[in-house]
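The values are calculated or read from the model by the stated rules, or taken from the named source; none is laboratory data. None of these values were measured; they are calculated from a predicted model. All Cβ positions, glycine included, derive from the backbone under ideal geometry; neighbour counts span all protein chains shown.
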Amino acid sequence: MQAPHINHCLSHEIAYSHNNGEVSHDAWIGFGGDMEPEPYNENEVTTLKDTWQKVCKKKVDEAYNEYMIKTNLKDKSN
């Protein structure tokens, strides 16, 4: 099951936003900093960003499914 209404915030970031789309300072995480290889290598960064994207999509789907189960809404969505 895919989580509906997932939108990108900024490049290579995931976040939880409020009703009007605002994201608080502690509600997002993006690729960079200690996630980048040392020494910096553009080819490796491309591969790492692909891995980051796959992990993020999986975790968002897991969060959606967990929410649907915990709120007993899963039965209503079928």
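Tabulated values for the structure
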| read-out | value |
| --- | --- |
| Selection count, the stretch 28-44, where residues are among the hydrophobic types (A, V, I, L, M, F, W, C) and in contact with an Asp or Glu (Cβ under 6 Å, 6 or more places away or on another chain) | 1 |
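Here is a yes/no grid of residues against (1) modelled with pLDDT of 90 or more; (2) of a type in the set (A, V, I, L, M, F, W, C):
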site	(1), (2)
ILE6	no, yes
GLY30	yes, no
THR47	yes, no
LYS59	yes, no
GLU62	yes, no
ASN65	yes, no
ILE69	yes, yes
ASP75	no, no
